[in-house]
Amino acid sequence: MGDPRIVSIALDEKSIIRRNPDVEREREIAILDLVEGSSFDVAGLDGPFRIILRIEDNRLAIDVCDEAGAALTTMGLGLARLRRPLRDYFAICESYFRALKAGGVRGMEPIDMARRGLHNEAAEILRECLEGRIAMDLDTARRLFTLICVLHIR
């Protein structure tokens, strides 16, 4: 049995339209966290894995490669079930960053709790959508959802 984890993850740069410093920081943290500790078990394949995420024809494409970088498979994921969580997550993050910039520490806790709740909900949906193809823990799914958000910023 292999080592079911991610050793490298990248976003297809052609899929990303713009980034601001806050988004770039979140992307970097998610990638570092995934490389430092992830649970990513691809059915029928032995890890560890190198992953590339991209949006292709309104679908998430997950390129799975072996540790040396040889392509193993590409999995597609329709994003219909994630559309609403993505929209809601962007809205709550917008509120969060506006409040941070306004210096209003008061009221941040409820916004942050709502943001975390939406993030967890979306991570669970992601796990359900990939069930039978990729098994992952909640932390891995949360970080992958963060990266999916980065790919969706317009």
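Screening Ile9 with (1) farther than 26 Å from Ser95 by Cα; (2) out of contact with any Gly (no Cβ under 7 Å at 6 or more places or on another chain); (3) at pLDDT below 95; (4) of a type outside the set (D, E, K, R) gives one miss only, at (3). Screening Arg54, Arg50 for residues that are among the basic types (Lys, Arg) and at pLDDT 95 or above leaves exactly one candidate, Arg50. The selection criterion, being assigned to a loop (DSSP other than H, G, I, E, B) and surrounded by 13 or more Cβ atoms within 10 Å (Cβ to Cβ), holds for Pro4. Entry remark, the stretch 48-75: residues being of a type outside the set (Val, Ile, Thr) and under 19 Å from the mean Cα position of the chain (by Cα) number 14 in total. Only one of the listed residues (Ile92, Ile51, Ile111, Ile62) is β-branched (Val, Ile, Thr), in contact with an Asp or Glu (Cβ under 8 Å, 6 or more places away or on another chain) and either surrounded by 11 or more Cβ atoms within 10 Å (Cβ to Cβ) or within 16 Å of Val150 (Cβ to Cβ) (or both). That residue is Ile51. A single entry from Pro4, Pro85 fulfils the requirement of being over 16 Å from the mean Cα position of the chain (by Cα) and within 16 Å of Ala141 (Cβ to Cβ): Pro4.
Mind checking which pairs have a first residue in the stretch 72-96 that is under 12 Å from Cys129 (Cβ atoms) and a second that is at pLDDT 90 or above and aromatic (Phe, Trp, Tyr), Cβ under 9 Å, 6 or more apart or different chains? Short answer, once both residue conditions are applied: Leu82/Phe145; Pro85/Phe145. Would the stretch 123-130 turn up any residue that is touching a residue at least 24 places away in the same chain (Cβ under 8 Å), surrounded by 18 or more Cβ atoms within 10 Å (Cβ to Cβ) and out of contact with any Gly (no Cβ under 9 Å at 6 or more places or on another chain)? Yes, the stretch 123-130 contains at least one residue that is touching a residue at least 24 places away in the same chain (Cβ under 8 Å), surrounded by 18 or more Cβ atoms within 10 Å (Cβ to Cβ) and out of contact with any Gly (no Cβ under 9 Å at 6 or more places or on another chain).
The values are calculated or read from the model by the stated rules, or taken from the named source; none is laboratory data. In this text the structure is predicted, and so the values were computed from the model without any measurement. So basically every Cβ, Gly included, is an ideal-geometry build from the backbone, and we count neighbours across all protein chains shown.
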